[in-house]
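Here is the structure we will look at, set down as structure tokens.
The values are calculated or read from the model by the stated rules, or taken from the named source; none is laboratory data. None of the values given here were measured: they were computed from a predicted structure. Every residue, glycine as well, gets a Cβ built from its backbone with ideal geometry; the counts of neighbours run over all protein chains shown. Areas reflect the complete protein model, heavy atoms only, side chains present, ligands, DNA and RNA absent. Shrake-Rupley method; radii C 1.70, N 1.55, O 1.52, S 1.80 Å.
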Amino acid sequence: MIVYCATSNPGKLREFRAAGSNRIIIHPLPGLNEIPPREETGSTFEENASDKAAYYSRCTDEYLFVDDSGLEVAALGGEPGVHSARYAGGNASDQANNELLLARMRGMEDRRARFVCAIALARGGEVLRVFRGAVEGVLLEAPHGANGFGYDPLFYYPPYGRSFGEIDPDRKLLVSHRGAALRDLVRFLERLARKQPR
């Protein structure tokens, strides 16, 4: 079964493809760059993922999923949250977002943080299901590691004793927020695939 995802983020696309299986093949939505982007207006990851999945799924006859994910920092009341990708502005780089977060966290003792991911699966404009994953960690005072993307170099994962930026991508996917949501998505899709005639 071919399933499309609507993302232009190369880091996310790598993780999506790695989460596929022999039965579930994940590809980016053809012509995504020609489709007017859907503005994110939701107040939760689930709302944003669902709205975008319904929108982009009208552009294909196949199943399509969209994720919305980000970092929630306890000391900042959950910021950057749904604004994670554009924390420092509309076209902000990962570095700019990280620098702004570190500036706002300067002097803060409570450095608890959580990555959250919501993945919405849709077909023909209808959202079928939303899958959620989360992982708890601690925000570092400086970036560590060159792996991953986004806030990964700042997110220290205690069970591994290192940041997500220092962890091999396949190992990170075993414990990450996106990995958890993707595993649930793929299990659901495999059940659907088994019901389809060969």
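Within the range 176-198, if we keep just the residues that are farther than 30 Å from GLY137 by Cα and open to solvent by 90 Å² or more (accessible area, probe 1.4 Å), the residue that is modelled with the highest pLDDT turns out to be ARG191. Of the set (1) open to solvent by 70 Å² or more (accessible area, probe 1.4 Å); (2) closer than 20 Å to VAL186 by Cβ, all apply to ARG38 but (2). Of the residues making up the range 168-186, one or more are among the hydroxyl-bearing types (Ser, Thr, Tyr) and in contact with a strand residue (DSSP E or B) (Cβ under 8 Å, 6 or more places away or on another chain).
Name every residue in the range 99-124 that is touching a residue at least 40 places away in the same chain (Cβ under 8 Å) and open to solvent by less than 20 Å² (accessible area, probe 1.4 Å), in order of residue number.
LEU101, ALA113, PHE115, VAL116, CYS117, ALA118, ILE119, ALA120, LEU121, ALA122, listed by residue number.
If you go through the range 134-145 and pick out every residue that is more than 18 Å from the chain's Cα centre (by Cα) and open to solvent by 60 Å² or more (accessible area, probe 1.4 Å), you end up with 3.
Among the residues of the range 1-22, write down those that are of a type outside the set (A, V, I, L, M, F, W, C), more than 18 Å from the chain's Cα centre (by Cα) and surrounded by 12 or more Cβ atoms within 10 Å (Cβ to Cβ). Show your work before the answer.
Here is the first cut: in the range 1-22, the residues of a type outside the set (A, V, I, L, M, F, W, C) are 4, 7-12, 14-15, 17, 20-22.
Next cut, more than 18 Å from the chain's Cα centre (by Cα) only: 21-22.
Across the range 1-22, the qualifying residue is only SER21.
Based on what the data block shows, is LEU140 within 22 Å of LEU64 (Cβ to Cβ), in contact with a helix residue (DSSP H, G or I) (Cβ under 9 Å, 6 or more places away or on another chain) and at pLDDT 95 or above? Taking the combined requirement at face value, the residue does not satisfy it.
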